[in-house]
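Scroll down for the structure; my scribbles are underneath it.
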Amino acid sequence: MALDLDCFEPERGLPGEAVMVREVLRGKRIVLGVTGSIAAFKAVSVASALTQAGALVDVVMTPEATELIRPLSFQALTQRPVAVDMFSMLNQTEISHVSLGHHADVVCIAPATAHTLAKLALGLADDLVTTTCLATRAPLVIAPAMDADMYDHPAVAANVKILRERGATIVEPGYGRMASGLVGQGRLAEPPVIVDTLRIVLARGGDLAGRRVVVTAGGTQEAIDPVRFVSNRSSGKMGYAVAEAARDRGASVVLVTAPTALSAPIGVEVRPVVSAADMHDAVMAALPDADLLIMAAAVADYRPATVAEQKIKKRDDGLTLQLARTTDILAATASLSSERLVRIGFAAESQDLVSNAADKLERKRLDLIVANDISRTDSGFGTDDNAVVLLDRSGGQRELPLLPKREVADRILDEALAIRQSRRA
């Protein structure tokens, strides 16, 4: 079935107007199957997160699951009835397992026991969860959960392989201590991982589907000696937001990231780097088949000219560092410019924001530049929000109000798509 994004398309409005983040889950009908694993309590958090993201969540449970957690917990969160009886009627004419399966945009089984995996692989249908899976043609996402050593059993591995070959997406369980006290692989994936996997599956029909996007993030670190380095205040949050937004619109994303305190986004190819030289090499290696480059990283302009082999000892007198220029990554990518590749840079300025950004746009032959005022305390480095000005090569200039960085990311991607469209016109 078609999986077009059913979400808000931001208008190109005036500064200060409200903007809604593109949320691939909004308005989607998701069947959440819960089976008899002790990890069933985590499914409550999954249902809550999906509902808060705007999805319509229909929970179906096996009788065994109701022994571990009550249906009322799910109903209170989703504001929708929970189905357990395979022969129940949703209304006067629709049988629950047929109706739920036919209307679903995606079916997610979390947790899925080893027994459930076996039934799905064999096509058995003796409860509402497995019957709904047989009755649907929607994508199937399965998050297994079982005791230590069970997931590695040849029978379970064979069933997982069969389900993958049929197109199911498997959310791999984690490694850790089980309720039994044993340690091994089998812990249900954390709810955010399951929710992000559903975003990825639903984004296959997004407006960036089939596109390859390279994003840079974080502040590079330039070594002084084995323990010290020169860096900047970048948290990486803007670049990570861009990577996640592109992923949720169907793109294949490469995130080249300097060290940050952020968790790696699910479904994104992360290439960690440290220095500006490292980032240059990683970006150049990723660009040949890229459609879009977004350089959100704060790359050091200078590095220590020499790096001490041993830790520099504290002395009574001062320490002078001789600095050398780093490679200008954006300028280096200009030689790869083509009708296919859209190149977007960032300009962090403390004065003359627009004029300095416009100069950088021209010098580095960018298609778009995102300028932000680093003297503001409510946006930019380390914050969750950003207020930016977008400047393009045609002279266009659009100021965005203070917005969450994820919303800014979607606006940047909208601009990138508009640039590509103008080239085809």
Original post:
Pick from segment 206-231 the residues that are closer than 21 Å to A264 by Cβ and assigned to a strand (DSSP E or B): which of them is farthest from the chain's Cα centre (by Cα)?
Top reply: G219
**OP:** For A258, state whether it is modelled with pLDDT of 95 or more, over 30 Å from A203 (Cα atoms), surrounded by 22 or more Cβ atoms within 10 Å (Cβ to Cβ) and in contact with a strand residue (DSSP E or B) (Cβ under 6 Å, 6 or more places away or on another chain).
**Re:** no
**OP:** Write out, first by first residue and then by second, each pair whose Cβ atoms fall under 6 Å of each other, whose residues are 6+ apart or on separate chains, and whose first residue, in segment 372-395, is on the phi > 0 side of the Ramachandran plot while the second is modelled with pLDDT of 90 or more and not in a loop (DSSP other than H, G, I, E, B).
**Re:** G380/N372
Original post:
From the list S180, S235, which residue is in contact (Cβ under 8 Å) with a residue 40 or more places away in the chain, assigned to a loop (DSSP other than H, G, I, E, B) and over 29 Å from V98 (Cβ atoms)?
Top reply: S235
Original post:
Somewhere in segment 290-297, is a residue over 30 Å from R423 (Cβ atoms) and assigned by TED's automatic domain parsing to the domain that holds A357?
Top reply: no
**OP:** Output the residue which, of all residues in segment 165-190 that are closer than 13 Å to D147 by Cβ and of a type in the set (K, R), is nearest to the chain's Cα centre (by Cα).
**Re:** R187
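Within segment 299-307, identify whether any single residue is free of Cβ contacts under 8 Å to residues at least 12 places away in the same chain, of a type in the set (S, T, N, Q) and farther than 26 Å from R365 by Cα, and answer yes or no.
Taking every residue of segment 299-307 in turn, none turns out to be free of Cβ contacts under 8 Å to residues at least 12 places away in the same chain, of a type in the set (S, T, N, Q) and farther than 26 Å from R365 by Cα.
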Original post:
Has segment 359-371 got at least one residue that is within 26 Å of E23 (Cβ to Cβ) and either assigned to a strand (DSSP E or B) or in contact with a strand residue (DSSP E or B) (Cβ under 6 Å, 6 or more places away or on another chain) (or both)?
Top reply: yes
Original post:
In segment 139-159, which residues are crowded, with 19+ Cβ neighbours inside 10 Å and more than 24 Å from the chain's Cα centre (by Cα)?
Top reply: M146, M150, Y151, V156, N159
Subject >> Sole residue being assigned by TED's automatic domain parsing to the domain that holds A40 and touching a residue at least 60 places away in the same chain (Cβ under 8 Å), chosen from P265, P191, P226 >> reply: P191
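The values are calculated or read from the model by the stated rules, or taken from the named source; none is laboratory data. Since the structure is predicted, the reported quantities are computational estimates derived from the model, not experimental observations. We place every Cβ from the backbone using ideal geometry, glycine too, and count neighbours over all the protein chains shown.
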